[in-house]
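Have a look at the structure below before the remarks.
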Amino acid sequence: MTSDELADIFLSGDDYYALRKVRYYLKTHTRKELFQELLTPAMYRIGQLWQENVISVADEHLATAICDFVISATDNRSQAEKEAAGKVMIMGFEGEDHYLGLKMVACVFREHGWVVYDMGPNLPLVHAMDAAEQLKPDVIGLSAALVSRLPLVKSYMDAFGILDPKPAVLIGGRAVTLADLSDAKAEGAVVLESLETLQNWIRSRKERNHETSASL
């Protein structure tokens, strides 16, 4: 199955057929491959069709809802590692309404044993700070599909920088592949171009923590 074929299934409105096709795909592929090679490009194609007025807003909303259903239905949390690796709080910038990427990121973290606080999209900074002060996450993940949201990076980074303990900050989403985030990197943010990059970062952090524990 190709991403274009899956996009057509999403647009057909047949959610259970979409789920059956995805479950069959998962028999021979990883969840990372599902997200990166199938779901993400399928939704990009649907977004492009909407921008070109080939499909309606209603069509785009239907496809998004089915993609959401598929991600939730295949999120097997019982397979997550038993050892708690840390706490991560993920969110979308204020004004950012896209959320499917956040759900995929949440799934990847859970598979690696993390406690995930998915705050959803469009979270104003004042509320993000309140949540971070209460939850004290080891990592905060920010997602932006729209380049227009990226000017908010500095204000979020400045605010999270005063948290105690100070969390690592990850920034991902389609927008990071379309803009220069060198300033954010200079301030300590980790910019993630793909879910594979995220998975590699999680594994590297786990290895560093094990090395630190072994040296104590």
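Overview of values
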quantity: Selected residue (criterion: modelled with the lowest pLDDT) from residues of the stretch 78-100 that are surrounded by fewer than 18 Cβ atoms within 10 Å (Cβ to Cβ) and of a type in the set (Asp, Glu); calculated: Glu81
quantity: Qualifying residue in the stretch 39-53 (condition: more than 27 Å from Arg110 (Cβ to Cβ), more than 20 Å from the chain's Cα centre (by Cα), surrounded by 13 or more Cβ atoms within 10 Å (Cβ to Cβ) and not assigned by TED's automatic domain parsing to the domain that holds Thr177); calculated: yes
quantity: Single residue of Val126, Val169, Val176, Val191 found to be surrounded by 20 or more Cβ atoms within 10 Å (Cβ to Cβ) and at pLDDT 90 or above; calculated: Val169
quantity: Test: Asp75 is at pLDDT 95 or above and among the charged types (D, E, K, R); calculated: no
quantity: In the stretch 36-49, the residues that are hydrophobic (A, V, I, L, M, F, W, C) and either within 20 Å of Tyr16 (Cβ to Cβ) or modelled with pLDDT under 95 (or both); calculated: Leu38, Leu39, Ala42, Met43, Ile46
quantity: Pairs where the first residue, in the stretch 41-52, is touching a residue at least 24 places away in the same chain (Cβ under 8 Å) and the second is hydroxyl-bearing (Ser, Thr, Tyr), C-beta under 7 Å, 6+ apart; calculated: Pro41/Ser3; Ala42/Ser3; Arg45/Ser3
quantity: Residues being among the small types (Gly, Ala, Ser) and modelled with pLDDT of 95 or more - total across the stretch 129-158; calculated: 3
quantity: The stretch 112-146, residues that are among the small types (Gly, Ala, Ser) and within 12 Å of Lys87 (Cβ to Cβ); calculated: Gly113, Ala131, Ala132, Gly141
quantity: Any pair with Cβ under 7 angstrom, 6 or more apart, that starts in the stretch 158-178 at a residue that is assigned by TED's automatic domain parsing to the domain that holds Lys87 and ends at one that is surrounded by 12 or more Cβ atoms within 10 Å (Cβ to Cβ) and charged (D, E, K, R); calculated: Pro165/Lys136; Pro167/Asp138; Ala168/Asp138; Ala175/Arg149; Val176/Glu193; Thr177/Glu193
quantity: Lone qualifier among Thr40, Thr30 - being in contact with a Ser or Thr (Cβ under 9 Å, 6 or more places away or on another chain), closer than 22 Å to Arg203 by Cβ and of a type in the set (S, T, N, Q); calculated: Thr40
quantity: Only listed residue being over 16 Å from Ser72 (Cβ atoms) and loosely packed, with under 13 Cβ neighbours inside 10 Å, chosen from Lys32, Lys27; calculated: Lys27
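The values are calculated or read from the model by the stated rules, or taken from the named source; none is laboratory data. No experiment lies behind these values; they were computed from the predicted model shown. A quick note on method: Cβ atoms are made from the backbone with ideal geometry, for glycine too, and the neighbour counts reach across all protein chains shown.
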